[in-house]
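Down below is the structure, laid out as structure tokens.
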Amino acid sequence: MADDRRPANFVPLRSVTAGTPDPATALAEIRQIYFKTSRRTIDNDFAHAIELLKSLPDEDIRAKAHVYMEGLAEMSREWGKSGKVEKLKSGKARKR
């Protein structure tokens with residue numbers, strides 16, 4: 001699912017229009033997203049995983065996806081901060 005050519009926040013159309021996926025397939029896809037995501041694709045991958053999570057029919061199945069979603073959220077927090085530029089008091093910008 002992690003494709004470095006995709007723009008940020010890109011959610012594959014099939015995840016929205018393909019109807020409700022089989023819960024086992026959706027869970028397997030969330031797992032695959034977790035293992036294949038990169039710093040460059042995290043926004044897209046996280047959005048895609050959320051769409052898949054919303055398609056799961058009940059809390060028991062969603063609980064199985066919890067560990068992968070927590071991992072994606074943590075990567076998103078960590079990687080989201082590292083690429084931002086902050087301005088120093090001297091007026092110069094530095095990368096965090």
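The values are calculated or read from the model by the stated rules, or taken from the named source; none is laboratory data. Because the structure is predicted, anything quoted here is derived from the model rather than measured. All Cβ positions, glycine included, derive from the backbone under ideal geometry; neighbour counts span all protein chains shown. Note: areas computed on protein heavy atoms with side chains; ligands, DNA, RNA excluded. Shrake-Rupley method; radii C 1.70, N 1.55, O 1.52, S 1.80 Å.
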P21: passes all of (1) at pLDDT 90 or above; (2) surrounded by 15 or more Cβ atoms within 10 Å (Cβ to Cβ); (3) not hydrophobic (A, V, I, L, M, F, W, C) but (1)
Of the criteria (1) modelled with pLDDT of 60 or more; (2) polar (S, T, N, Q); (3) surrounded by 18 or more Cβ atoms within 10 Å (Cβ to Cβ), which one Q32 fails
(3)
Residue under evaluation E70, criteria (1) at pLDDT 95 or above; (2) open to solvent by less than 70 Å² (accessible area, probe 1.4 Å), criterion not met
(2)
Of the residues in region 44-59, those that are open to solvent by 10 Å² or more (accessible area, probe 1.4 Å), assigned to a helix (DSSP H, G or I) and acidic (D, E) come to E51, E59
